[in-house]
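The structure under discussion appears below in the form of structure tokens.
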Amino acid sequence: MVGLALGIAGAVTLVVALGMLAGEIVQGSRVAGANPRLSEPRPFIVTEKPEATPAKGGPPPAAHGAPGTTPPKPEVAATPKAPAPTPAPRPAPAPTPAPADPPAGATVASAKLGEETYNIFCIACHQPEGKGKVGFAPYIRNSDFLALASDEFLRQSIVQGRPGTAMVPWAHLGPVKVDSLILYLRSVTDPNAKPVATIDPAKKHPGDPAAGQALYAQYCAACHGANANGYAEGGPGPAIGNTAFLAAASDDFLFHTIKHGRRGTPMMGFSGSAGLANLSDAEIGHVIAYLRHRNGETPAPAARQADAKAGKMHYDANCAACHQPDGTGRPGFAPSIRNRDFLAIASDEFIKDTIRNGRIGTSMVQRPDLSDQVLDDIIAYLRALPVGNSVTIKVDPTRQLAPRGDQAAGHRKYDLYCASCHGMDGKGYVEGGSGPGIGLPGFLRAASDDYIYQTLKQGRIGTAMRPFLGAAGLANLSDQDAFDLISYLRSLGPAP
Ligand code: HEC
Ligand code: HEC
Ligand code: HEC
Ligand code: HEC
């Protein structure tokens, strides 16, 4: 540790000395780390978790993939030719820090040096501006890619290359040029960029390689090759079965790349109705396990089977007092959670998120102390309870409906149709209502727009919450009415 620190300090001193020799004024603050400019504000939110992750029980981070918590991807067709949506008045993108101009042979990394280096060594394959060429080299100044790829991932990809592909190692360029290349890649500004997720490099996505093999053959082989060798097999996608790639890519990087895709490339996401296919989180885990298994790695073992019997014990001890021993809830006190329609609309992640984070301002307190295993068991128990004819409803957590609604119109409709049960301020039971607090931040954070929409459409059988949409509904509300209501509810909650 000390040796390493001294080594870095030594390197920094050397950099300063060389900089002085070159007659360049090097400011102390710019050499604070081995690679000072890498710590400058970046045009993209770098979503790698900081090293010091707060221990369990700290403020809950946005749960991975929990409906309504993943910043939704704008509903834009991911083809290069798709016209960019005229951005609604949006805050101007943060100005890119003006790159200083170091002289050639500079000893300090900069985006400008990176651009020069790029234009000499990389442009032939990765094309001007890093846009890539389908079937030949990937799009590497792509905001979705850069949001998921850490500096370490980029460095490893450049320094070690991807053996067996046209991407040879570029270690001989030296650390300053490699750092400069990274700064150059990141210096792209894209007003539509939105980080799709936060990558946790330590997070495992377990799965079953055999199940993954079948999914791979069905959904991925056409583009990435039957042997995952990508371009070498004539596919439009790169080699993703490559040992060097799999060493650099964490499970979570793979997971979010597969789930959200890369806008502007043929790699569309694999979730939601706009995706190439709607794979569940578990199915994506199977594909990752397959890629790792065929590469000779031991994939994270498939999750242990949840145990509904143990779940009943945990439920009785922690939940039954409010949600009643049979889970049917009590009007004005706690909602029914063994409800056919609730269980069809609520994903496992939604339920977990609700238990972990509670619903601030209600008696549903947060339980960060319950382990994942206990939560899985409780969910298995709830899902195993007989609920009558089951229904299937697909909720797409990425669908954004609030922007299509009119908040003021929604407010009027809320007062008219919802306030009598959910309270004038949307606080539900705490305002003496018979329904839960749907205007409270805890609910609004966990529930996606589509979750609210589907609840309005479907209602909750056996409870006072009737369906509101269509002729059979309580009020024959239209889709537009629903969008207005969602827009109003969103105005009560935390900013997404
Ligand atoms: C329609 C073609 C197509 C399909 C189908 C497809 N991909 Fe891709 N994929 C691509 C392309 C093209 C890229 C490179 C995008 C770029 O230029 O950045 C890519 C990139 C990727 C990457 C990132 C690779 C890297 O080097 O960072 C991963 C991981 C990936 N795909 C996994 C999958 C998986 C798993 C499946 C199946 C579930 C799949 N893809 C299906 C075309 C496809
Ligand atoms: C001869 C063509 C070629 C040249 C030159 C080249 N690359 Fe690549 N690069 C590729 C190919 C092909 C891949 C994808 C390999 C695969 O199938 O996994 C790639 C992958 C990458 C990746 C990983 C992208 C991802 O989606 O994971 C990065 C980063 C990258 N290259 C950066 C560079 C930089 C920086 C340079 C210049 C120093 C460079 N490349 C030069 C062909 C090239
Ligand atoms: C007659 C009373 C009543 C009216 C009117 C009513 N609701 Fe409800 N609502 C309920 C009850 C009770 C529940 C909880 C059902 C349960 O136990 O699962 C509920 C649940 C919900 C939920 C799910 C909350 C959660 O925590 O998952 C949403 C969303 C919702 N209502 C929206 C609305 C909207 C929007 C309106 C107005 C158009 C409305 N409700 C009108 C009684 C009502
Ligand atoms: C002290 C009473 C209390 C206890 C104990 C409690 N809950 Fe709740 N729970 C509530 C209330 C009240 C709400 C509705 C909050 C609101 O207004 O949004 C709720 C909401 C929920 C919801 C969301 C339902 C929906 O319609 O969106 C789930 C899921 C849930 N609880 C599960 C559990 C589980 C599982 C346990 C045991 C680990 C538990 N709760 C323990 C009072 C309680």
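No value in this document is a laboratory result; all are computed from the given coordinates. These figures come from a predicted structure and were not determined experimentally. Quick reminder, even Gly has a Cβ in these numbers, built from the backbone with ideal geometry, and neighbours come from all protein chains shown.
Would you mind checking the pairs LYS203/LYS312; LYS309/LYS394; LYS204/LYS352 and listing those with alpha carbons more than 21 angstrom apart? Don't skip to the end; give the middle numbers.
Working: LYS203/LYS312 28 Å; LYS309/LYS394 27 Å; LYS204/LYS352 18 Å.
Those over the limit are LYS203/LYS312; LYS309/LYS394.
With +1 assigned to the C-beta of every Lys and Arg and -1 to the C-beta of every Asp and Glu, and no other charges, what is the dipole magnitude of region 367-444 about the Cα centre in debye, to the nearest 20?
Numbers: 8 positive and 9 negative charges, 73 e Å.
That gives a dipole near 340 debye.
In µm²/s, what is D for region 312-440 at 25 °C and 0.890 mPa s, where D = kT/(6 pi eta Rh) by Stokes-Einstein and Rh is the Kirkwood radius from Cα pairs? Show your work: numbers first, answer last.
Working: Rh = 16.1 Å.
Translational diffusion coefficient: 153 µm²/s.
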Within region 107-145, DSSP-loop chymotrypsin sites (Phe, Trp or Tyr not before Pro) with at most 14 other C-beta atoms within 10 Å are PHE136
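Multiplying the sequence separation of VAL134 and ALA202 by 0.36 nm and subtracting their Cα-Cα distance, what value in nm do you get? Let's see the in-between values first.
Numbers: separation 68, 0.36 × 68 = 24.48 nm, distance 3.08 nm.
Value of the extension gain: 21.4 nm.
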Extend 7 Å from the Cα of ALA310 along its Cα-to-C-beta direction; within region 344-388, residues with backbone N under 11 Å of that point are 371-378
Chymotrypsin sites (Phe, Trp or Tyr not before Pro) restricted to DSSP loop in region 281-351 with at most 13 other C-beta within 10 Å | PHE333
In region 281-314, the trypsin sites (Lys or Arg not before Pro) that fall in loop regions by DSSP, at most 14 other Cβ within 10 Å = ARG304
Just grab the label-to-label distance for THR328 and LEU416, each label 7 Å out from Cα along the Cβ direction, in nm (one decimal).
-> 3.4 nm
Ranking GLY332, GLY426, PRO441 by how far each Cα lies towards the positive end of the charge dipole of region 308-492 (+1 on Lys and Arg Cβ, -1 on Asp and Glu Cβ), the top one is GLY332
Could you tell me what fraction of 2.2 N^0.38 Å the Cα radius of gyration of region 248-386 comes to, as a two-decimal ratio?
-> 1.27
